[in-house]
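Below: one structure, written as structure tokens.
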Amino acid sequence: MASMMKHLGGACIALLSLTAAGAAIAAHGAPDDPFPATYRPAASASLAIVGATVLTGTGAEIADATLLIADGKIEAVGAMLPVPEGYARVDGRGKWVTPGIIDAHSHLGVYASPATPSHEDGNGAVAPNTAEVWAEHSVWPQDPKFRLARAGGVTSLMILPGSANLFGGRSVTLKNVPSVTTQGMKFPGAPYGLKIACGENPKRVYGSKGRSPATRMGNVAGYRKAWIDAADYLRRQDRWEAGGKVGDPPKRDLQLETLAGVLRGEILVQNHCYRADEMAVMIDVAREFGFSIRAFHHANEAYKIAPLLAKEDICVATWANSWGAKMESLDGIEENAPMIDAAGGCAIIHSDDGLLIQRLNQEAGIAMTAANHAGLPVSRGEAIRWITANPAKAMGIADKVGTLEPGKMADVVLWSANPFSVYALADRVWVDGVIQWDRSDPRYQGPSDFVVGQPGQGFAR
Amino acid sequence: MIRLLAAAFALAAVPAAAETVAITGGRVVTMGPMGEIERGTVVIRGGRIVAVGADIAVPADAQTIDATGRIVTPGLVAAGTALGLVEVRAVETTDDRGTDAGDLSAAFDAGYGLNPDSLLIPVARLGGITRAITTPAYKDRSDRELLFAGQAAAVVLDGGAMLMKRGVAMVLDMGDAGAERAGGARAAELVALRALFAEVRDYRMRRAAYDRGETRDYTLSRVDMEALIPVVEGRMPLLVTVNRAADIRDALALAREERLKLILESASEGWRVAGEIAAAGVPVLLTPVENTPASFEMLGATLTNAARLAAAGVTIAIEGNGSHREREMRYNAGNAAANGLDRTAALAAITINPARIFGLADRIGSLEAGKEGDVVIWDGDPLDTLSRPATVLIRGVAAPMTSRATELRDRYLPAVRHPANGETP
């Protein structure tokens with residue numbers, strides 16, 4: 001195993017050791033990682049992108065910068081850096097560089113194209129609590145949209161189950177690299193998320209079946225019942241461990257295992273929730289059961305409670321443009337993300353859509369421009385964080401990606417123009433220092449298997 | 001404070017009623033024969049453009065809007081919208097886009113029931129949209145066998161009575177959706193359509209006999225057949241949503257054989273038959289960002305569709321992203337430009353082209369003397385995410401640069417700026 005770990009570009013070593021045993025048994029009786037990531041970046045040459053304007057993802061904008069990449073990691077970034085010998089030079093003059101775009105809310109692969117019933121794998125609308133399902137078991141890596149998102153600069157994305165259920169199941173975080181298996185896309189070491197849904201969707205889905213939840217109060221009762229069961233499950237596990245693991249362990253329960261993972265702080269709550277008042281209730285539910293919510297998603301009304309969300313350190317993943325499809329989204333505004341930002345919170349622009357995921361940079365540009373017009377100044381350096389560093393934080397991978405700080409994975413986009421502009425195209429995209437998209441080189445534009453032999457397969461986008 | 005000053009300035013600088021207005025100093029992109037004027041003047045009197053040019057004297061009584069450093073364009077014309085017909089899509093009482101009444105199909109008229117107070121209208125207007133084609137949508141139920149969604153209407157978005165022109169197109173789905181509605185096969189729809197058009201022609205010759213009950217039974221109701229007469233006479237265009245290249249060919253053949261005036265909508269694989277579409281003189285409405293193979297009829301979808309159609313000589317109009325998201329139309333045009341469409345052609349695709357396609361170019365779509373005074377002054381490139389309209393005039397009257405969304409924003413901004421003492425309202 002040790003010899004295998006060499007020459008893997010230095011990545012994933014921690015994960016490899018974790019998964020080396022195949023299914024290491026954690027202290028609490030469940031296998032730690034039964035579906036381990038097999039993604040290993042190929043070896044890559046050292047690289048210097050020279051002369052571009054760099055948005056680092058830490059808030060800075062550096063003109064005429066040099067970005068050095070070595071062993072698949074960011075080595076250095078700054079103005080006037082000398083390029084060490086042996087580094088391949090990429091001419092970035094007149095271009096822009098950002099961290100790889102990260103989408104904190106995607107259904108790629110679980111709602112694959114073409115949209116046939118065979119590909120509807122994201123919403124198990126059969127019970128209000130399906131915490132036992134894992135999105136990665138639905139992901140079709142041949143969804144042609146993965147490549148389209150790559151052409152839009154997206155290097156990491158969190159795939160979530162849908163919002164029909166109170167508890168939709170586990171999310172999975174992927175690196176946006178071509179792969180035949182989902183394990184080959186899994187982001188090494190990324191934590192799992194749990195999709196929870198507020199509001200209209202669960203109550204509509206189950207109310208129309210004549211069962212609970214049929215109301216918002218029914219939704220909340222459903223969450224609390226589940227957390228009571230989860231707390232009980234956790235206590236039984238802990239008791240067995242504290243008692244020296246004598247006798248049979250308590251029987252595993254996939255549903256409660258995921259909820260208990262949240263209570264242990266290992267699984268991050270990703271909460272679909274539109275209205276300000278419902279978010280406030282969810283914060284109380286979390287407090288009642290001793291867990292924290294990592295991010296509210298969609299959250300069209302987050303701006304109404306921006307200071308509260310900042311204080312609670314809960315990220316807000318939202319749009320600039322989407323509003324009004326249903327009552328709970330009627331109060332959506334373009335400036336939602338910048339207002340979260342201005343209150344000191346963690347603002348994210350997400351897609352939830354196979355078209356928008358290709359243009360998250362533009363959506364952030366729309367929000368930034370709207371904010372500047374509303375007298376809420378936002379710099380480009382700050383706004384890029386909405387689609388890089390902040391989603392990384394919400395997904396629990398901020399120590400690995402989201403900024404161009406030395407030591408982080410070299411997930412990088414070279415843009416043809418100011419990335420917030422409608423005219424900006426991703427010229428090249430690197431994942432872990434490996435080129436995965438090149439707008440002018442068909443070798444890095446390979447379509448998914450589904451598109452092979454179909455009309456338009458030769459088109460990059 | 002800056003924002004307040006800006007608001008006060010805007011109030012002082014823009015006309016509140018139909019008076020004489022002169023927009024001076026801006027780069028005027030006329031979308032008409034005059035092309036672009038580097039430092040041009042547009043004069044509007046009584047709601048109509050009376051002069052456009054580089055050396056135009058500003059009338060003494062004119063209220064002047066200084067557009068120096070800005071870009072002046074015609075108001076944008078949004079095709080394929082639901083503006084005025086829908087408020088919240090999930091609330092049925094606020095959705096008037098279609099009917100599931102079994103005996104009303106072609107006669108359904110989107111020119112009725114329009115709501116000028118719709119919250120969607122100011123939002124669209126803040127995206128520079130001043131006119132729209134409001135288009136009916138199918139409201140299917142399982143036993144519905146309906147071929148036509150109904151008739152589209154041209155509307156104005158100044159907050160007053162909306163209807164500008166009724167019956168600008170007859171809306172029909174072909175391809176997957178049309179086939180499903182016709183019983184599950186494309187051939188079924190194509191045969192049924194030909195039979196229906198024959199019936200309408202027959203009915204047209206025998207109206208009196210029909211009223212006496214002396215004709216054979218027709219498939220459609222009287223109102224539906226009446227509504228289809230202008231279609232079979234080639235006066236009202238048939239607006240066909242269709243995507244697959246083969247289906248586009250079928251639509252072109254149908255129009256040729258039945259001597260119909262055709263508009264194609266969506267046309268994901270239009271680039272594959274662009275020469276044939278151009279040769280037929282058929283215009284295309286499309287959403288160029290729809291590049292995913294979302295269905296088996298869209299396998300060839302690509303961001304380069306708009307550029308390829310235009311290069312082949314097809315007149316294209318670019319659409320927004322549906323009811324609440326029409327304001328994204330200009331970004332869609334910008335994305336088409338980023339993917340090969342000439343920038344002026346992209347602007348034409350959201351101004352003069354939709355006006356031409358729907359027979360409105362004598363009134364709107366360009367900055368020319370005699371046209372209605374719809375003008376947008378932009379603080380930058382109208383197609384870019386980095387710019388916004390500074391002023392929107394409709395028939396020479398400045399529209400408020402606010403919406404319910406900006407009012408909500410302003411309600412909560414103080415608490416965000418000063419969280420310490422910020423009481424939320």
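The values are calculated or read from the model by the stated rules, or taken from the named source; none is laboratory data. Since the structure is predicted, the reported quantities are computational estimates derived from the model, not experimental observations. Here the Cβ positions follow ideal geometry from the backbone for every residue, glycine too, while neighbour counts run over all protein chains shown.
Of all residues being over 14 Å from the mean Cα position of the chain (by Cα) and away from chain B (no Cβ under 14 Å) in segment A:137-159, which is surrounded by the most Cβ atoms within 10 Å (Cβ to Cβ)? Just the residue, please.
The extreme case among them is A:Val139.
Give the residue, chosen from B:Ile277, B:Ile263, that is within 19 Å of the chain's Cα centre (by Cα) and buried (at least 24 other Cβ atoms within 10 Å of the Cβ). Break it down into steps so the answer makes sense when it comes.
Working: B:Ile277 fails: within 19 Å of the chain's Cα centre (by Cα).
Answer to the check: B:Ile263.
Which helices (runs of 4 or more DSSP H) sit wholly inside segment B:115-220 and have at least 1 residues that are within 30 Å of B:Gly270 (Cα to Cα)? Outline the logic, then answer.
Numbers: elements: B:120-125, B:175-181, B:186-205, B:207-211.
In segment B:115-220, B:120-125, B:175-181, B:186-205 are the helices (runs of 4 or more DSSP H) which contain 1 or more residues that are within 30 Å of B:Gly270 (Cα to Cα).
Condition first: at positive phi and touching a residue at least 40 places away in the same chain (Cβ under 8 Å). Now tell me which residues in segment A:295-313 satisfy that. Spell out the reasoning first.
Pass one, segment A:295-313, residues at positive phi: A:298-299, A:313.
The answer is A:His298, and nothing else.
In segment A:297-321, how many residues are assigned to a loop (DSSP other than H, G, I, E, B) and more than 7 Å from chain B (Cβ to nearest Cβ)? Step through it out loud before you land on a result.
As a first pass, look at segment A:297-321 and keep what is assigned to a loop (DSSP other than H, G, I, E, B): A:299-301, A:312-314, A:319-321.
After this cut, where a residue has to be more than 7 Å from chain B (Cβ to nearest Cβ) as well, the list is A:299-301, A:312-314, A:319-320.
Residues that pass the stated criteria total 8.
Where residues in segment A:206-219 are buried (at least 16 other Cβ atoms within 10 Å of the Cβ) and more than 26 Å from the chain's Cα centre (by Cα), which of them is farthest from A:Asp284 (Cα to Cα)? Steps first, please.
Restricting attention to segment A:206-219, the residues satisfying the condition of being buried (at least 16 other Cβ atoms within 10 Å of the Cβ) are A:206, A:212-214, A:216, A:218-219.
Applying the additional criterion that residues be more than 26 Å from the chain's Cα centre (by Cα) yields A:206, A:212-214, A:216, A:218.
Numbers: A:Tyr206: 24, A:Ser212: 21, A:Pro213: 19, A:Ala214: 21, A:Arg216: 15, A:Gly218: 16 Å.
In this case the residue turns out to be A:Tyr206.
How many residues are surrounded by fewer than 21 Cβ atoms within 10 Å (Cβ to Cβ) and either at positive phi or outside the structural domain of B:Ala161 (by TED's automatic domain parsing) (or both) if we restrict to segment B:81-96?
0
Hey, can you tell me all the residues within segment A:173-195 that are surrounded by 24 or more Cβ atoms within 10 Å (Cβ to Cβ) and over 16 Å from A:Glu257 (Cβ atoms)?
Selection gives A:Thr173, A:Leu174, A:Lys175, A:Asn176, A:Met185, A:Phe187, A:Pro188.
Scan segment A:369-382 and tell me whether some residue there is aliphatic (A, V, I, L, M), touching a Pro at 6+ places or on another chain (Cβ under 9 Å), within 14 Å of another protein chain (Cβ to nearest Cβ) and not in a loop (DSSP other than H, G, I, E, B). Give the steps one after another, and end with the answer.
Step one: list which residues in segment A:369-382 are aliphatic (A, V, I, L, M), which gives A:370-371, A:374, A:376, A:378.
Still in the running and touching a Pro at 6+ places or on another chain (Cβ under 9 Å): A:370-371, A:374, A:376, A:378.
Next cut, within 14 Å of another protein chain (Cβ to nearest Cβ) only: A:370-371, A:374, A:376, A:378.
Add one more test, that the residue is not in a loop (DSSP other than H, G, I, E, B), and what stays is A:370-371.
Yes, the conditions are met somewhere in segment A:369-382.
Provide a single number: the residues in segment A:335-366 that are within 7 Å of another protein chain (Cβ to nearest Cβ), part of a loop (DSSP other than H, G, I, E, B) and either under 30 Å from B:Asp95 (Cβ atoms) or not small (Gly, Ala, Ser) (or both).
Result for segment A:335-366: 3.
So which of B:Ser268, B:Ser295 is among the hydroxyl-bearing types (Ser, Thr, Tyr) and surrounded by fewer than 20 Cβ atoms within 10 Å (Cβ to Cβ)?
Working: B:Ser268 fails: surrounded by fewer than 20 Cβ atoms within 10 Å (Cβ to Cβ).
Answer to the selection: B:Ser295.
Run down B:Gly167, B:Gly159, B:Gly69, B:Gly111 and say which single residue is under 25 Å from B:Ile350 (Cβ atoms), surrounded by fewer than 24 Cβ atoms within 10 Å (Cβ to Cβ) and not assigned by TED's automatic domain parsing to the domain that holds B:Val223. Break it down stepwise before answering.
Details: B:Gly167 fails: not assigned by TED's automatic domain parsing to the domain that holds B:Val223; B:Gly159 fails: not assigned by TED's automatic domain parsing to the domain that holds B:Val223; B:Gly111 fails: not assigned by TED's automatic domain parsing to the domain that holds B:Val223.
That would be B:Gly69, the only listed residue that is under 25 Å from B:Ile350 (Cβ atoms), surrounded by fewer than 24 Cβ atoms within 10 Å (Cβ to Cβ) and not assigned by TED's automatic domain parsing to the domain that holds B:Val223.
Can you work out which of the residues in segment A:406-461 that are outside any loop (DSSP other than H, G, I, E, B) and facing another protein chain (nearest Cβ under 9 Å) is farthest from A:Met185 (Cα to Cα)?
Start the filter on segment A:406-461 by keeping residues that are outside any loop (DSSP other than H, G, I, E, B), which leaves A:409, A:412-415, A:426-431, A:434-438, A:442-444, A:449-451.
With facing another protein chain (nearest Cβ under 9 Å) added as a condition, the list becomes A:450-451.
Details: A:Phe450: 17, A:Val451: 19 Å.
Applying the filter and picking the extreme gives A:Val451.
Do the conditions hold for A:Ala317, that is, is it farther than 24 Å from A:Asn129 by Cβ and surrounded by 24 or more Cβ atoms within 10 Å (Cβ to Cβ)? Step through it out loud before you land on a result.
On the way: farther than 24 Å from A:Asn129 by Cβ: no; surrounded by 24 or more Cβ atoms within 10 Å (Cβ to Cβ): yes.
In short, no.
Identify, by number, the condition in (1) at negative phi; (2) part of a loop (DSSP other than H, G, I, E, B) that A:Gly324 doesn't meet.
Answer for A:Gly324: the failing condition is (1).
This table checks each residue for (1) surrounded by 21 or more Cβ atoms within 10 Å (Cβ to Cβ); (2) among the aliphatic types (A, V, I, L, M).
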site	(1), (2)
A:Leu67	yes, yes
A:Ile74	yes, yes
A:Gly78	no, no
A:Val83	no, yes
A:Arg93	no, no
A:Ile102	yes, yes
A:Ala125	no, yes
A:Trp134	no, no
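Would you point out which residue out of B:Ala405, B:Ala355, B:Ala420, B:Ala361 is more than 18 Å from the chain's Cα centre (by Cα) and modelled with pLDDT of 95 or more? Reasoning before the result, please.
Working: B:Ala355 fails: more than 18 Å from the chain's Cα centre (by Cα); B:Ala420 fails: modelled with pLDDT of 95 or more; B:Ala361 fails: more than 18 Å from the chain's Cα centre (by Cα).
Unique residue meeting the criteria: B:Ala405.
Where in segment A:33-143 are there strands (runs of 3 or more DSSP E), lying wholly inside it, with at least 3 residues that are among the β-branched types (Val, Ile, Thr) and modelled with pLDDT of 95 or more? Spell out how you get there, then give the answer.
On the way: elements: A:47-55, A:61-70, A:73-79, A:88-91, A:96-99, A:101-106.
Where strands (runs of 3 or more DSSP E) fall fully within segment A:33-143 and carry at least 3 residues being among the β-branched types (Val, Ile, Thr) and modelled with pLDDT of 95 or more, they are A:47-55, A:61-70.
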